[in-house]
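The values are calculated or read from the model by the stated rules, or taken from the named source; none is laboratory data. Predicted, not measured: the structure shown is a model, and the values here were computed from it. With ideal geometry, Cβ positions are generated from the backbone for all residues, glycine too; neighbour counts draw on all protein chains shown. Accessible surface areas use protein heavy atoms only, side chains included; no ligands, DNA or RNA. Shrake-Rupley method; radii C 1.70, N 1.55, O 1.52, S 1.80 Å.
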Amino acid sequence: MKLPVGKAERPGGTAAENKAAGQARTIDGRRRLKDLMEQFMKAVFLVCGLVAVGFVLVISLYLIISGIPAIHQVGFFEFFFSSDWDPANKSGNPSYGILPMILTSIYGTAGAMVIGVPIGFLMAVFLSKIANRKVAAVIREVVDLLAGIPSVVYGLVGMMVLVPGIRVLFGLPAGDSLLAAVIVLAVMILPSIISVSETALDAVPREYEEASLALGATELETYFRVSAPAAKSGIAAAVVLGVGRAIGEAMAILMVAGNVANMPGLLKSVKFLTTAIAGEMSYAGGLHRQALFSIGLVLFLFIMLINAVLNMFLKKNDKEGG
Amino acid sequence: MEQQSKSITRGLSHRRRAYDITMRALVYASAAVICVLLAFLMGYILLRGIPHLSWEFLSSEESVIKGIEGILPALINTLYVVIATLIIVLPLGVGSAIYLTEYATNRRLVSLIEFATETLAGMPSIIFALVGVIVFCEFMGLGISLLAGAFSLVMMTLPTIIRTTQESLKTVPQSYREGSLALGSGKWHMVRTVVLPSSVDGIVTGCILAVGRIVGESAVLMFTAGMGMRLAKYGDTFGKFFKSLFDSSGATLTVALYNYAKERADFEPAFAVAVVLLIIAFLINIAAKLAGGRLKKR
């Protein structure tokens, strides 16, 4: 009895061994497959991660490649310092000076800041420190909604309300003007100014304010002389963010600014860097089109500069927070 | 609070009391200005737009001969662009966020990618329009089409998706990952079965925010997706459907609004479109709050 069993066991044993070996082999194979899959997925994710870098490279490269020729052809000095922008000159003598647009963009942005920053900052103080919680929550919702409204809607309201208003108020033949654009921009940057400065004010340690109150300062003195200075880099970030928004906005101000390349004046019809591109891109050709890409390049450089400043403030903020 | 602060101001010098009162007045004045402004904006748009809004306006294609005004093409184009953009940007953005939080080991590479993302986030839309025109419409030969528009919007919405996904990936507890790895799963398996499912609400929030940006965008789409107000010819088969996406061009809601207001000076339909946009913005805000609230609860 024993022998046959043993005999029977032995082949069985080898079969089991074989099976185990086979299993080991498939496990090995599976593991290899799994490793391969791991490597593959890692590569896929790496590629996804590099897409953003790729986009930035493509944007910079294409703007430089298509922006430089026109500057070269027109001449650096004339392009940047001539106040004549007349690419569609009838007598065949076009001129490409973008100084009016650079100045308009700077003035327009500065104007929007002068109006928007104080109001936005005071509103942030109101929401963060003074308003009761329910009122603040409701206003915050509405301000968020304000941020979500498309820019063309602001442009439309500006066209229908501000432009006629300015025309009547100042007795002008047309109300399309830098002033209208400045007001539209000021309204458009309010949400970001309010929310970023509010976050900064909220982050001020409660102890600072309590100490100030305990020393006999009034609430308002505390908010403006203790809380605001403590939150200053966050508020600065809000301002820079607003500058970025304002200088990059195109469609809303295209609808209210009048789009004539005058040197900037508050009640004059003006053309911004952005509105030059948005307004003329659809029909421009040849050197004119290339010049629009050069304007794009100038705008890009402005934005990169602003971003660098913004990052500086945000980094500083992080450090203070940590 | 009010009572208390009044009693405090009583004992103050004139200068300090004046300061207190002025500042308080300024704060309340700006709050009032902003509230009035908001109420005016909403009220004005609704008042001028709603009378023109009708089922016919929303559901028909405009026809000069029949005298019909309609924004159906704009609605469909908007939907098209939103879907096409999300299909492309979602895998890219989520993958990028996964790389940054789960895989990346090289600090320099991470900060490079983050710098690129921030740069994209701060870029004005008119730049995306320019680059979209050269790269997608001309260089890649897509012409002025909804697809070219969608590609350009991918560049614009990528940072939004990356940022929100990253935020939610960071809230997944480290112990989940360790548990999964300790049970013998590989990294990809862990990401697929543990990390991604628990960060779905962040991804959803990102999508909602991206939809908001896409619906509100006008400059990019005006130049890359066209300004036509006609309904594209959509084929009946799947293949033709996609072909029409490649070929057709047309105005989305925002571009249609611009068309009505600036090119035709036809303001009543423009305000009606503005109301539609306002409603969409409102819905997106609510959706984002809900999704974000769920995220925060965790």
**OP:** Mind counting the residues in segment B:69-95 that are free of Cβ contacts under 8 Å to residues at least 12 places away in the same chain and within 14 Å of the chain's Cα centre (by Cα)?
**Re:** 2
**OP:** Under 6 Å between Cβ atoms, at least 6 apart or on separate chains: pull out the pairs that start in segment B:253-275 with a residue that is facing chain A (nearest Cβ under 9 Å) and end on any residue that is β-branched (Val, Ile, Thr) and in a helix (DSSP H, G or I).
**Re:** B:Leu253/B:Thr78; B:Leu253/B:Val273; B:Thr254/A:Val152; B:Leu257/A:Val152; B:Leu257/B:Val273; B:Tyr258/A:Val152; B:Ala274/A:Val153; B:Ala274/B:Ile45
Original post:
Say we look at segment B:176-227 and pick out the residues that are within 11 Å of another protein chain (Cβ to nearest Cβ) and in a loop (DSSP other than H, G, I, E, B); which of these is nearest to B:Leu86 (Cα to Cα)?
Top reply: B:Glu217
**OP:** Among the candidates B:Val81, B:Val110, B:Val94, single out the residue that is closer than 30 Å to B:Met229 by Cβ, in the same structural domain as B:Thr252 (by TED's automatic domain parsing) and in contact with a helix residue (DSSP H, G or I) (Cβ under 7 Å, 6 or more places away or on another chain).
**Re:** B:Val81
**OP:** Can you work out which of the residues in segment A:260-291 that are part of a loop (DSSP other than H, G, I, E, B) and open to solvent by less than 40 Å² (accessible area, probe 1.4 Å) is farthest from the other protein chains (Cβ to nearest Cβ)?
**Re:** A:Gly265
Original post:
For residues in segment A:43-69 being of a type in the set (Gly, Ala, Ser) and within 22 Å of A:Leu273 (Cβ to Cβ), which is nearest to the other protein chains (Cβ to nearest Cβ)?
Top reply: A:Ser66
**OP:** Return a yes/no flag: does segment B:86-105 have any residue that is of a type in the set (Asp, Glu) and out of contact with any strand residue (DSSP E or B) (no Cβ under 9 Å at 6 or more places or on another chain).
**Re:** yes
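Per-residue answers, yes or no, for (1) closer than 30 Å to A:Pro87 by Cα; (2) open to solvent by 10 Å² or more (accessible area, probe 1.4 Å):
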| position | (1), (2) |
| --- | --- |
| A:Glu207 | no, yes |
| A:Ala211 | no, yes |
| A:Pro229 | no, yes |
| A:Gly242 | no, no |
| A:Arg245 | yes, yes |
| A:Ile253 | yes, no |
**OP:** Would you point out the residue of segment B:145-162, among those that are in contact with a Ser or Thr (Cβ under 7 Å, 6 or more places away or on another chain) and more than 10 Å from chain A (Cβ to nearest Cβ), that is surrounded by the fewest Cβ atoms within 10 Å (Cβ to Cβ)?
**Re:** B:Ser145
**OP:** Please verify whether segment B:22-41 includes one or more residues that are at pLDDT 85 or above and either in the same structural domain as B:Val275 (by TED's automatic domain parsing) or among the charged types (D, E, K, R) (or both).
**Re:** yes
Original post:
Among (1) open to solvent by 10 Å² or more (accessible area, probe 1.4 Å); (2) modelled with pLDDT under 90, which single condition is A:Asp202 missing?
Top reply: (2)
**OP:** Taking B:Ala84 as meeting all but one of (1) under 26 Å from A:Val161 (Cα atoms); (2) in a helix (DSSP H, G or I); (3) not aromatic (Phe, Trp, Tyr), write down the number of the exception.
**Re:** (1)
Original post:
So which residues in segment B:173-190 are within 20 Å of A:Arg32 (Cβ to Cβ) and open to solvent by less than 30 Å² (accessible area, probe 1.4 Å), if there are any at all?
Top reply: B:Ser185, B:Gly186, B:Met190
Original post:
With B:Gly228, B:Gly250, B:Gly239, B:Gly293 as the choices, which residue is open to solvent by less than 10 Å² (accessible area, probe 1.4 Å) and at pLDDT below 85?
Top reply: B:Gly250
**OP:** For segment B:28-60, enumerate the residues that are part of a helix (DSSP H, G or I) and hydroxyl-bearing (Ser, Thr, Tyr).
**Re:** B:Tyr28, B:Ser30, B:Tyr44, B:Ser59
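Per-residue answers, yes or no, for (1) more than 8 Å from chain A (Cβ to nearest Cβ); (2) open to solvent by less than 30 Å² (accessible area, probe 1.4 Å); (3) at positive phi:
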residue: B:Glu56; (1), (2), (3): yes, no, no
residue: B:Ser60; (1), (2), (3): yes, yes, no
residue: B:Leu75; (1), (2), (3): yes, no, no
residue: B:Thr78; (1), (2), (3): yes, yes, no
residue: B:Val81; (1), (2), (3): yes, yes, no
residue: B:Thr85; (1), (2), (3): yes, yes, no
residue: B:Leu92; (1), (2), (3): no, no, no
residue: B:Arg107; (1), (2), (3): yes, no, no
residue: B:Met123; (1), (2), (3): no, yes, no
